[in-house]
1. So what are the ³J(HN,Hα) numbers for segment 73-83, from phi and the Karplus equation (6.51, -1.76, 1.60; θ = phi - 60°), rounded to whole Hz, Gly and Pro as x?
2. Taking the Cα centre of each part, how many Å lie between segment 170-203 and segment 135-165?
3. Mind listing the long-range amide H neighbours of Ala189? Cut-off is under 5 Å, sequence gap 5 or more, other chains count too, H placed in the peptide plane at 1.01 Å from N.
4. For segment 118-213, run through the GluC sites (Glu not before Pro) and keep only the ones in DSSP coil with at most 14 other Cβ atoms within 10 Å of their Cβ.
5. Whats the longest run of the chain with zero chymotrypsin sites (Phe, Trp or Tyr not before Pro) that are DSSP loop and have at most 16 other Cβ atoms within 10 Å?
6. Using θ = phi - 60° and the Karplus form 6.51 cos²θ - 1.76 cosθ + 1.60, what ³J(HN,Hα) does each residue of segment 108-120 get, whole Hz, x for Gly and Pro?
7. According to the square roots a ≥ b ≥ c of the eigenvalues of the Cα gyration tensor, what is the shape class of segment 108-213, taking rounded for a/c under 1.5, prolate for a/b larger than b/c otherwise, and oblate for the remainder?
8. Given H placed on each backbone N at 1.01 Å, which residues far from Val110 in sequence or on other chains put an amide H within less than 5 Å of it?
Amino acid sequence: MEHVKPEWKHHRVIHSKYPPLDCFESDDALLLGELESATSDRVAHWPRYVEDKDYRYGPGWGAVMASFCYPSEGRFNTLRRGAYYAGDSLKTAFREWAYHTAGVWQGFGVTNDCSAIVRCYTGHTAEPLVDLRNQTQYMHNTNYAPGQQTAAALLNAGEYGILYSSVRNPGAEAIALLRPPATTPVMQAGHYVVRWDGHAFTHFARIEEYHPL
């Protein structure tokens, strides 16, 4: 089993409907999150999904921790276990995001009158990752079972994450981080508008500045 520590800056795109600061960004916010979690199942989930030694909080950790505490099924994770996915470039991150989000928008019948507002987070890989690039069993378009099973075994063995070939942006690379310490704290790198044509996301552009009304 070979390990590689990617040297490139990693990029992750998420909807801007999620707050840029949350209960993992500061002591005060964490306390409020713990208080709310006493009556709400949506806040401060981290003890269920992250071991104590891997817990991180402070500036730059909110987006990372959220990916573990509010998991959605992916190529190398299940609903019971989160992961932080990112691409080797902004384009890779957008193509990965666009594929998964398009299915949701199609399901809701969103027309071409709409567009998406997203933001990008960037960071660097902090630990060596298991190299699964160019292994076809992990590159199926929709069957994630092989990757999920392998990732579960790797996590049990203490591995930090996986480096793999991007399926949505052929020739590019992506990472699935299985533990928060596998990355540095991330930084918000920009807001973007993404054009939707009623069937797919087709173009994106950076939102450079806002003007008062």
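1. Per residue, the Karplus-derived 3J(HN,Hα) values read 4, x, 4, 10, 8, 10, 5, 8, 8, x, 7 Hz.
2. One Cα centre to the other: 19 Å.
3. Distant-sequence amide H within range of Ala189: Cys120, Tyr121, Thr122.
4. Glu208, Glu209
5. Longest stretch, sites excluded: 56-209.
6. Here the 3J(HN,Hα) series is 8, x, 5, 8, 6, 6, 10, 9, 10, 10, 10, 9, 10 Hz.
7. oblate
8. Those lying under 5 Å, H to H, from Val110: there are none.
A short reminder: the numbers here are calculations on the coordinates, not readings from a lab. All values reported here derive from a predicted model rather than from experimental measurement. Don't worry about glycine lacking a Cβ; one is built from the backbone with ideal geometry, like all the others, and counts go over all protein chains shown.
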